[in-house]
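Bear in mind that the values in this text are calculations on the coordinates, not laboratory data. All values derive from a computational prediction rather than experimental measurement. A quick note on method: Cβ atoms are made from the backbone with ideal geometry, for glycine too, and the neighbour counts reach across all protein chains shown.
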Amino acid sequence: GITLTGFLTSVVPAISNQQTAVGSRIKLERMGVGFTLLTATFSRFIWKTGIARATGASKVPDFNGEWTGYVKTSYEGVIPDDALHASNDPNAEMQRVAATLQITQTWRKISIHLETDNSESDSTGATVLTEDGRWPSLNYQYENDPDPDSASSMTRHYGTADLALKTDSDETVLEGFYYTGPGRENYGEMYFVKSE
């Protein structure tokens with residue numbers, strides 16, 4: 001149990017020397033501000049440096065930037081020719097719709113914006129997965145809003161995309177698949193190259 005002597009030994013000096021208590025509080029506040037600034041600096045800048053990666057302080061891949069490519073879709077409605085990707089094969093089962101991804105990322109947050117000629121999607125949640133022996137991947141959920149002048153079959157919907165980050169000597173690629181929820185029930189592939 002606590003003895004009266006032990007209690008007085010710990011409490012009386014703090015009461016009798018308020019200056020020490022105030023000094024300790026100021027030190028703690030400074031440490032809190034310093035920690036907050038360090039965390040903010042790491043989250044915005046340091047996490048993606050070679051030093052952070054070499055020391056193991058960060059394994060999070062850098063998805064930041066603009067990505068251009070296409071969404072290969074199971075959508076069976078009419079897609080205007082000017083919305084199709086240059087590599088589209090009109091005789092293929094699935095059409096390639098030209099698209100861009102804009103990814104904004106810090107160490108702790110990421111947002112994904114996808115745009116085509118007919119609609120825009122924004123992420124509502126995302127997860128970055130890193131596992132030894134596998135490509136890093138970006139899995140995100142999104143809400144899609146079609147343009148008002150789009151076909152009537154283009155309705156607001158929700159979906160999920162899962163993209164692997166692959167790098168070779170020539171380019172950095174995000175590729176994977178997507179699927180939508182009830183109301184659209186489409187699926188397909190996604191392929192994007194990072195713009196320089």
Karplus-derived 3J(HN,Hα) from phi for the stretch 47-55 (6.51 cos²θ - 1.76 cosθ + 1.60, θ = phi - 60°), whole Hz, x at Gly and Pro, runs 4, 9, 7, x, 5, 4, 6, 5, 7
Under 5 Å, built H, 5+ apart or other chain: amide partners of ALA99: GLY69, TYR70, VAL71
Taking every other residue with Cβ under 14 Å from the Cβ of LEU84 and scoring Lys and Arg +1, Asp and Glu -1, one gets -2
Amide proton proximity set for SER119, modelled H, under 5 Å, gap of 5+: ASP147
Would you kindly derive the ³J(HN,Hα) couplings of the stretch 165-182 from the backbone phi angles with the Karplus curve 6.51 cos²θ - 1.76 cosθ + 1.60 (θ = phi - 60°), listing them in order in whole Hz, with x for Gly and Pro? 8, 10, 10, 10, 5, 9, 7, 10, 10, 10, 9, x, 9, 9, 8, 10, x, x
Dipole of the stretch 65-194 (Lys/Arg Cβ +1, Asp/Glu Cβ -1, origin at the Cα centre): which of PRO182, ALA99, SER123 lies farthest to the positive side? SER123
What is the sum of charges, Lys and Arg at +1 and Asp and Glu at -1, for the other residues whose Cβ falls under 12 Å from the Cβ of SER195? -2
For a paramagnetic label modelled at 7 Å from the Cα of HIS113 toward its Cβ, which residues of the stretch 43-69 fall within the zone defined by backbone nitrogen distances under 15 Å? 64-68
